[in-house]
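Written below as structure tokens is the structure these notes are about.
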Amino acid sequence: MGRETPKQQQVSYTVEQLVAVNPYNPDILPDLENYVNEQVSSQTYSLDANLCLLRLYQFEPERMSTQIVARILVKALMAMPAPDFSLCLFLIPERVQMEEQFKTLIVLSHYLETGRFRQFWDEAAKSRHIVEAVPGFEQAIQTYAIHVLSLTYQKIPRPVLAEAINIEGLSLDKFLEHQAANSGWILEKGHGRGQLIVLPRNEFNHPELKKSAADTVPLEHITRIFPILG
Amino acid sequence: MAANYDYEEAPGTYDDANRQDLGYDPNFVPDSVKSFVVHLYRHIREKNVYEIHQMYEISFQTLSDRLFKDTPWPSVDAVAHYVDNDQVFCLLYREMWFRHLYARLSPTLKQRIDSWDNYCSLFQVVLHRVVNMQLPNQWLWDMVDEFVYQFQSFCQYRAKMKNKTEQEIALLRQFDQAWNVYGVLNYLQAFVEKSNIIQILEQEKEGGEQFTATDGYDYSGGSNVLKVLGYFSMVGLLRVHCLLGDYQTGLKCLLPIDISQQGVYTSVIGSHIATIYHYGFANLMMRRYVEAIREFNKILLYIYKTKQYHQKSPQYEQILKKNEQMYALLAICLSLCPQAKLVDETVNSQLREKYGEKMARMQRYDDEAFAIYDELFSYACPKFITPSAPSFEEPLVNYNQDAYRLQLKLFLYEVKQQQLLSGVRTFLKVYSTISLGKLANYMEVDESTLRSILFTYKHKTHAVDSDGKIISNADLDFYIDDDMIHVVESKPVKRYGDYFLRQIVKLEGVITDMDRIKLE
């Protein structure tokens, strides 16, 4: 879910500084636009910088580049489960959101928000021009899908997994081997129904691991009765 | 004095200036006003914060009620010679003058522009000159609060282009820098930076600085003005970003202030409420419902216990209004994220009284439910603005509702996505285990749809917090093993500890009372 990755290039370091120190400045708009393109090509991401740019577009709508906005939204989608996509939408005027490419992105977001993975991959296939423009898109969504599956399943049937991450057949076999070797996945034989994949244990799919919401009483409350006890 | 946030303002027409001049002589200075400015000027020069506060909070109010119910105070030119024509005092006087105008009357466009100029002059002085004053926190908060309010008011006013007169359009074109969003944000940012407040708060944690301990006041002969304005500007920035719909950045601006503790922000009730209201609202829009519920609960309890002490204050109405709005927001949060145990008994009973029925209907997620979500959101939300300059091309339109409509639309969109969750929750409450097939049958959907619903449930109830961690806020949870759903209910833990503490305190109170009777 990497939100901000370490800066390697000099340009991005300067932009991050600009956003931190002088964000309400129309002159940095071109730098921020370049930074979006850089995030796309180098597979990095900065929500704060992108929000800063969307704000500037809000202040001066005639300078808005819908292409840049679309790229920001795709990057935000890739940040799921973080709510970045809606945070960006809050700053984009309604009439812009009515344009075709944005309507498509909103539909894609909707499918992901409501766990409709099959519909998502179908729609994404129809909109290759939008999503292929951003490298790493497929992997990011697959990561999100696995995240949701890990919240939900202890043991997941292979077809359900395949549909969620849009990988089948031999590619899926390879993928599963890799996950088993590196991420602690265990492959089991389901009863007659094919493969079952045992996902790593966490507090969400194994409630017994949840730290008990103990009946703790905060210290400040106890101090109330110190005078009485004393 | 916090200004009236009512959305509907009479449009500032060109005639207002004439109407206000009629029966009102801006150069007439009643004796009480002369006395007021002379004393206030002296107290400011002598850095007598207590007296300044009394005059600012009480005398100004009293005189306004008695003499200036529906006219402005005397012009600054008329009083200047009573105060040595002191530039800074005149700027402060004008700031109060405009605040009074906005609260009691309707400012004209020219007056709005003049008020902007006054803020610019006043802020330039504080930022670039050594200001040797100590002003009460109430006043410094009101300055920031009013500054943001007038900005919001101007954006609303400017966005109603339809009935603007030619003179107004000419003025808007001419003074296009007045209340421009860059200026507003940069002033607030400048206060934060120039005051070094973020570093001061950091150093305070390590014991290197004194700020909170002295309520922001400077007891070593310096001035508190820049520091405290810098501090309150962080709340101002949170507020402006909420008005723009940028919740993430708004919360970031507030980060240096630790709201789990008392601080300078709690030293003024208006600031305390504004901070938590916007903090809670931003968290609500970012789907961090648990955080919003926690903070709303705390402040609503605080207001419940302390509002009696503010009955005489000019902020009282505003406190009550924000109180009601936060109950509405709390009702929304709890309907989207049932977490009854996070709410204090007192707050809960108030909530039931005000919104019990509506909350029941909201959780049905039908058309009526959406209407109620719409109603509560619209009632309680900030007055969102469109910050860009208007188009002067025909046809002139009103676009003052655009920003609000967008936020509302996106909010309801999120509510809609959670529509199916209420249904699945009802079923999960009844079963400890159930197969996907069976549950799909009961819910009259196919298995694939049921899986999507369950994924949605998991995704929506596991929010991402500010550190990027996943936090579950599900009161009812489950996991799936192949095709079997296992339900896990986190039982509401009986708060024995709390109960005993309360009883101990109560008993002690009874014993004390009985002792008192014996003595009599």
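Where helices (runs of 4 or more DSSP H) sit wholly within the range B:259-353, none has at least 2 residues that are among the basic types (Lys, Arg), closer than 17 Å to B:Leu376 by Cα and touching a helix residue (DSSP H, G or I) at 6+ places or on another chain (Cβ under 7 Å). Taking the criterion of being open to solvent by 10 Å² or more (accessible area, probe 1.4 Å), of a type outside the set (Phe, Trp, Tyr) and either under 13 Å from the mean Cα position of the chain (by Cα) or away from chain A (no Cβ under 14 Å) (or both), the residues of the range B:274-288 that qualify are B:Ala274, B:His278. Criterion applied to B:Lys438, B:Lys416 was being under 23 Å from B:Ala380 (Cβ atoms) and open to solvent by 30 Å² or more (accessible area, probe 1.4 Å), and the one residue passing it is B:Lys416. Of all residues in the range B:462-472, one or more are open to solvent by 70 Å² or more (accessible area, probe 1.4 Å), more than 10 Å from chain A (Cβ to nearest Cβ), hydroxyl-bearing (Ser, Thr, Tyr) and under 29 Å from B:Ala282 (Cβ atoms).
If the Cβ limit is 6 Å and pairs must be 6+ apart or interchain, which residue in the range A:13-25 that is facing chain B (nearest Cβ under 10 Å) pairs with which residue that is open to solvent by 20 Å² or more (accessible area, probe 1.4 Å) and of a type outside the set (Ser, Thr, Tyr)? Partner pairs satisfying both residue conditions: A:Val19/A:Asp48; A:Tyr24/B:Asn186. Just so you know, in the range B:124-147 the residues that are touching a residue at least 40 places away in the same chain (Cβ under 8 Å) and not hydrophobic (A, V, I, L, M, F, W, C) include one that is most open to solvent (accessible area, probe 1.4 Å), and it is B:Asn132.
Condition check ((1) closer than 25 Å to A:Val36 by Cα; (2) within 14 Å of chain B (Cβ to nearest Cβ); (3) assigned to a loop (DSSP other than H, G, I, E, B); (4) at pLDDT 90 or above) across all residues:
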{"residue": "A:Val134", "(1), (2), (3), (4)": "yes, no, yes, yes"}
{"residue": "A:Ile141", "(1), (2), (3), (4)": "yes, yes, no, yes"}
{"residue": "A:Tyr144", "(1), (2), (3), (4)": "yes, yes, no, yes"}
{"residue": "A:Val148", "(1), (2), (3), (4)": "no, yes, no, yes"}
{"residue": "A:Ala164", "(1), (2), (3), (4)": "no, yes, no, yes"}
{"residue": "A:Leu172", "(1), (2), (3), (4)": "no, no, no, yes"}
{"residue": "A:Lys189", "(1), (2), (3), (4)": "no, yes, no, no"}
{"residue": "A:Gly192", "(1), (2), (3), (4)": "no, yes, yes, no"}
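State whether the residues of the range B:150-164 include one that is assigned to a helix (DSSP H, G or I) and more than 25 Å from B:Tyr404 (Cβ to Cβ). No, there is no match, as no residue in the range B:150-164 is assigned to a helix (DSSP H, G or I) and more than 25 Å from B:Tyr404 (Cβ to Cβ).
Considering only residues that are of a type outside the set (A, V, I, L, M), in contact with a Pro (Cβ under 9 Å, 6 or more places away or on another chain) and either in a helix (DSSP H, G or I) or on the phi > 0 side of the Ramachandran plot (or both), which ones fall in the range B:172-198?
We begin by selecting, within the range B:172-198, every residue of a type outside the set (A, V, I, L, M); these are B:173-177, B:179-180, B:182-183, B:186-187, B:189, B:191, B:193-196.
Subsequent filtering for residues that are in contact with a Pro (Cβ under 9 Å, 6 or more places away or on another chain) retains B:180, B:182, B:189.
Scanning the range B:172-198 gives B:Tyr182, B:Gln189.
With respect to B:Gly208, determine if the residue is open to solvent by less than 20 Å² (accessible area, probe 1.4 Å), away from every other protein chain (no Cβ under 14 Å) and out of contact with any His (no Cβ under 8 Å at 6 or more places or on another chain). Judged against the criteria, B:Gly208 is not a match. In the range B:292-316, the residues that are closer than 30 Å to B:Asp465 by Cα form Cβ pairs under 8 Å with partners that are assigned to a loop (DSSP other than H, G, I, E, B) and not acidic (Asp, Glu), at six or more places apart or across chains, as follows: B:Ile293/B:Cys337; B:Ile293/B:Gln339; B:Ile293/B:Val343; B:Glu295/B:Ile259; B:Asn297/B:Val343.
Listed here are the residues, each with its yes/no results for (1) of a type outside the set (Asp, Glu); (2) facing chain B (nearest Cβ under 8 Å); (3) open to solvent by 10 Å² or more (accessible area, probe 1.4 Å).
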| position | (1), (2), (3) |
| --- | --- |
| A:Gln39 | yes, no, no |
| A:Thr44 | yes, no, yes |
| A:Ala49 | yes, no, no |
| A:Glu62 | no, no, yes |
| A:Gln67 | yes, no, yes |
| A:Leu73 | yes, no, no |
| A:Leu87 | yes, yes, no |
| A:Arg95 | yes, no, yes |
| A:Tyr111 | yes, no, yes |
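In the range B:354-403, the residue that is farthest from the other protein chains (Cβ to nearest Cβ) out of those that are open to solvent by less than 50 Å² (accessible area, probe 1.4 Å), in a helix (DSSP H, G or I) and of a type in the set (Ser, Thr, Tyr) is B:Tyr355.
Selection of first residues in the range B:190-204 that are without any contact (Cβ under 8 Å) to a residue 40 or more places away in the chain and of second residues that are among the hydrophobic types (A, V, I, L, M, F, W, C), restricted to Cβ pairs under 6 Å at least 6 apart or on distinct chains, gives the following pairs, ordered by first then second residue: B:Ser195/B:Leu226; B:Ile200/B:Phe211; B:Glu204/B:Phe211. For the range B:76-115, the tally of residues that are open to solvent by 20 Å² or more (accessible area, probe 1.4 Å) and in contact with a Phe, Trp or Tyr (Cβ under 8 Å, 6 or more places away or on another chain) stands at 8.
The values are calculated or read from the model by the stated rules, or taken from the named source; none is laboratory data. Model, not experiment: these values are computed from the prediction. A quick note on method: Cβ atoms are made from the backbone with ideal geometry, for glycine too, and the neighbour counts reach across all protein chains shown. For the accessible areas, the whole protein counts, side chains as well, though only heavy atoms, and no ligand, DNA or RNA atoms are used. Shrake-Rupley method; radii C 1.70, N 1.55, O 1.52, S 1.80 Å.
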